[in-house]
Amino acid sequence: MYAGRILEEKHMEMENFDPLAITKVARAELEKIKEPHRRAILENFIEHAESECTGNYDRLIESCSPKHQTYAVYGCSEFQKSIQPQDVESMKEFYHMLVGSNVYLIHGEVEKLIVGDDGIYVEMMLHQLYPGEVIPAAFGFEFGEEGEVYQLTQRVATVFVFDEDNKGCGEHSWTDGVTRPEQLRKEDPRKVPEQFWNNPVSGPRQKPF
């Protein structure tokens with residue numbers, strides 16, 4: 001699948017933000033694929049992406065291989081590189097942190113989705129919501145407070161790899177460089193998805209309005 005154009009790096013309006021955007025594209029691609037093995041890994045990718053972007057932690061872990069895991073990100077900060085999981089247990093901890101810290105809500109504008117025999121390549125414009133209080137620790141910027149919501153917009157390309165049982169066993173990603181302050185836009189907290197205020201791991205969040 002190719003969107004037919006190079007996507008611009010620009011923030012999206014909250015009324016268009018859809019955590020299921022990635023899986024909608026993947027489900028449309030699944031309808032075109034007949035070969036059983038390629039269908040199986042794409043079905044796993046759909047389960048994984050849908051679970052991650054809706055904060056369904058147990059289903060997310062179920063989509064991952066219990067045999068081995070390896071994650072990598074290239075072009076990002078040293079901190080982001082350092083927290084990438086390299087085994088099954090650290091993968092579980094990583095995703096628990098991702099959901100619990102409320103940074104799991106992602107709208108992916110998919111530009112390219114290529115399904116191979118043992119891996120899936122996805123290139124997209126990432127739109128990810130961040131609580132204000134997470135910003136300093138995540139990116140080292142001197143802004144962001146509790147109750148604030150920011151949208152990160154950044155181009156990302158990821159190769160998803162699978163084990164012999166068609167379970168996800170790693171993600172190797174490339175970004176267009178270290179996150180810059182201008183890639184984060186402060187949003188009106190009243191316009192973000194209601195789900196942002198009801199974390200599935202840590203519980204309800206206090207609304208600033």
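Apart from one condition, His96 fits all of (1) closer than 25 Å to His11 by Cβ; (2) over 12 Å from the mean Cα position of the chain (by Cα); (3) of a type outside the set (Asp, Glu); the exception is (1). Taking every residue in region 1-25 that is under 14 Å from Leu105 (Cα atoms) and crowded, with 17+ Cβ neighbours inside 10 Å and pairing it with any residue that is modelled with pLDDT of 95 or more and of a type in the set (A, V, I, L, M), at least 6 positions away or on another chain, the pairs with Cβ-Cβ distances below 7 Å are Met14/Val192; Pro19/Leu105; Pro19/Ile106; Ile22/Ala49; Ile22/Val110; Thr23/Ile46; Thr23/Ala49. Could you tell me whether Met12 is under 17 Å from the mean Cα position of the chain (by Cα) and either among the aromatic types (Phe, Trp, Tyr) or assigned to a helix (DSSP H, G or I) (or both)? The answer is no for Met12. Figure legend. Inter-residue proximity from region 183-209: first residues farther than 15 Å from Leu105 by Cβ, second residues of a type in the set (Ser, Thr, Tyr) and modelled with pLDDT of 95 or more, beta-carbon distance below 9 Å, spacing 6+ or different chains. Indicated pairs: Gln183/Thr153; Lys186/Tyr150. Each residue in region 164-187 was checked for being crowded, with 18+ Cβ neighbours inside 10 Å, within 18 Å of Tyr71 (Cβ to Cβ) and not basic (Lys, Arg), and 7 pass.
Within the span defined as region 28-42, every residue fails to be within 26 Å of Gln183 (Cβ to Cβ), in contact (Cβ under 8 Å) with a residue 60 or more places away in the chain and surrounded by fewer than 21 Cβ atoms within 10 Å (Cβ to Cβ).
For region 47-66, the count of residues that are surrounded by fewer than 21 Cβ atoms within 10 Å (Cβ to Cβ), part of a helix (DSSP H, G or I) and hydroxyl-bearing (Ser, Thr, Tyr) is nonzero.
The values are calculated or read from the model by the stated rules, or taken from the named source; none is laboratory data. Keep in mind that what you see is a predicted model, and the values were worked out from it rather than measured. For neighbour counting, all protein chains shown are included, and Cβ atoms are generated from backbone atoms with ideal geometry for every residue, glycine included.
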